[in-house]
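K.L.:
Here's a structure for you.
The values are calculated or read from the model by the stated rules, or taken from the named source; none is laboratory data. These figures come from a predicted structure and were not determined experimentally. All Cβ positions, even for glycine, are placed from backbone atoms using ideal geometry, and neighbour counts span all protein chains on display. The protein model used for the area step is the full one, side chains on, heavy atoms only, and it has no ligands, DNA or RNA in it. Shrake-Rupley method; radii C 1.70, N 1.55, O 1.52, S 1.80 Å.
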Amino acid sequence: MKKQFFLLVALIGVFSLLLVACGTSDEGETTEDATEGTTDSSESEEKEVLEMATSADFPPFESRNTDGDFVGFDIDLANYVADELGYELEITDMNFDGLIGALQNNRVDVVLSGMSATDERAENVDFSTAYNHSGEMFVTLKDSEITSLEDIEGKTVGVQLGTIQQDGAEKIQEDTDFEIKPVDTGSILIQELMSNRIDVAYMDKAVATGYIEEQDLAGFDDPTTSSPGMAIAFPKGSEMVDEVNEVLAQAEESGFLQELKDKWLTEE
């Protein structure tokens, strides 16, 4: 009788072990399948990152809104280019005079920052086709007696460091005697003007027009030069230039570039 009892107990134990083993095996397979399915789906949705640098103190081309988000003509254009080429866009904010170096050191893939495609810059970076032409403007206080290029004689002219306007002011300085005061950002430039630490600010025309309306200032066009257009900058030898040029041509043909100009640029 005892033998039969122990035999029955042993059979129940073996049967229980078999059930546990089968359950463990099935659960492991189910988890692995779900994991593999999730991984495949995630990998298929991942996009290569396009690292862009800008100097977000140059409205209406690039600035930050009250929530700290990047906004502006160049930001919309960058998102359009990234979407068309299948990239996820990541933006780094830095001083304008550090943008070329960031490209040369391959810290970023592209620069969109209202950058004019000058011959000097083209020695160090590659440029896309131009996407906008603005020109330059002198900005003054509304009651200023400076209303023409001749009036800046003996005055202090503020410019943003590293910009085409700094280069332009230095060329004008060859024929006209005035002091140049470089500052880091466009917003500081306007602060310097409104605090009477400079007599006039020399800026991109589209940017200047915005400040004139916003701060109730005055200004006049620079009659001396026709600046090169703004373009997207890349490290030398970048393979992206041709495909980005195709996207820009598409944006021009579809009317998207004109939509951006209508949205962001007060005066062309």
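Residue by residue, here is whether (1) surrounded by fewer than 18 Cβ atoms within 10 Å (Cβ to Cβ); (2) among the polar types (S, T, N, Q) holds:
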{"position": "Leu189", "(1), (2)": "no, no"}
{"position": "Arg197", "(1), (2)": "yes, no"}
{"position": "Val200", "(1), (2)": "no, no"}
{"position": "Gln215", "(1), (2)": "yes, yes"}
{"position": "Lys236", "(1), (2)": "yes, no"}
{"position": "Ala249", "(1), (2)": "yes, no"}
{"position": "Lys263", "(1), (2)": "yes, no"}
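K.L.:
Considering only residues that are of a type outside the set (Phe, Trp, Tyr) and either free of Cβ contacts under 8 Å to residues at least 24 places away in the same chain or open to solvent by 30 Å² or more (accessible area, probe 1.4 Å) (or both), look in region 124-133 and name the one that is nearest to Leu149 (Cα to Cα).
P.N.:
His133
K.L.:
I'm told Val49 meets every condition in (1) within 14 Å of the chain's Cα centre (by Cα); (2) modelled with pLDDT under 95; (3) more than 27 Å from Ala201 (Cβ to Cβ); (4) not hydroxyl-bearing (Ser, Thr, Tyr) except one. Can you identify the failing condition by its number?
P.N.:
(2)
This table checks each residue for (1) at negative phi; (2) in contact (Cβ under 8 Å) with a residue 12 or more places away in the chain.
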| position | (1), (2) |
| --- | --- |
| Asp216 | no, yes |
| Thr224 | yes, yes |
| Met240 | yes, yes |
| Ala251 | yes, yes |
| Ser254 | yes, no |
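K.L.:
Might you let me know whether region 218-226 holds any residue that is in contact with a Lys or Arg (Cβ under 6 Å, 6 or more places away or on another chain) and over 19 Å from Leu77 (Cα atoms)?
P.N.:
The answer is yes; a qualifying residue exists.
K.L.:
Here is a follow-up. Kindly indicate which of Thr185, Thr163, Thr140 is surrounded by fewer than 17 Cβ atoms within 10 Å (Cβ to Cβ), in contact with a Ser or Thr (Cβ under 9 Å, 6 or more places away or on another chain), among the β-branched types (Val, Ile, Thr) and at negative phi. Show your work before the answer.
P.N.:
Working: Thr163 fails: surrounded by fewer than 17 Cβ atoms within 10 Å (Cβ to Cβ); Thr140 fails: surrounded by fewer than 17 Cβ atoms within 10 Å (Cβ to Cβ).
The match here is Thr185.
K.L.:
How many residues are farther than 21 Å from Asp57 by Cα and among the aliphatic types (A, V, I, L, M) if we restrict to region 74-122?
P.N.:
4
K.L.:
Could we say that Pro228 is modelled with pLDDT under 95 and either farther than 19 Å from Arg121 by Cα or surrounded by 14 or more Cβ atoms within 10 Å (Cβ to Cβ) (or both) here? Spell out how you get there, then give the answer.
P.N.:
Details: modelled with pLDDT under 95: yes; either farther than 19 Å from Arg121 by Cα or surrounded by 14 or more Cβ atoms within 10 Å (Cβ to Cβ) (or both): yes.
Answer is yes for this residue.
K.L.:
Could you run through region 103-137 and say how many residues are part of a helix (DSSP H, G or I) and under 14 Å from Gly162 (Cα atoms)?
P.N.:
Initial filter on region 103-137 (part of a helix (DSSP H, G or I)): 103-104, 119-122.
Filter once more, so that each one left must be under 14 Å from Gly162 (Cα atoms): 120-121.
Final tally of qualifying residues: 2.
K.L.:
Next question, about the same structure. Every residue in region 93-118 that is in contact (Cβ under 8 Å) with a residue 40 or more places away in the chain and more than 17 Å from the chain's Cα centre (by Cα), please.
P.N.:
Hit for region 93-118 is Thr118, nothing else.
K.L.:
Could you list, ordered by first residue, the pairs with Cβ atoms under 6 Å in which the first is in region 170-195 and modelled with pLDDT of 95 or more and the second is hydroxyl-bearing (Ser, Thr, Tyr), at least 6 apart or interchain?
P.N.:
Within 6 Å, the pairs are Glu179/Thr156; Lys181/Thr156; Ile190/Tyr211.
K.L.:
List every residue pair whose Cβ atoms lie under 9 Å apart, where the two residues are 6 or more positions apart in sequence or sit on different chains, the first residue falls within region 74-86 and is farther than 12 Å from Gln250 by Cβ, and the second residue, located anywhere, is outside any helix (DSSP H, G or I) and open to solvent by 40 Å² or more (accessible area, probe 1.4 Å).
P.N.:
If the second residue must be outside any helix (DSSP H, G or I) and open to solvent by 40 Å² or more (accessible area, probe 1.4 Å), the pairs left are Ile75/Asp69; Ile75/Ile91; Ala78/Phe70; Ala78/Ile91; Ala82/Lys47; Ala82/Glu88; Gly86/Lys47; Gly86/Glu48.
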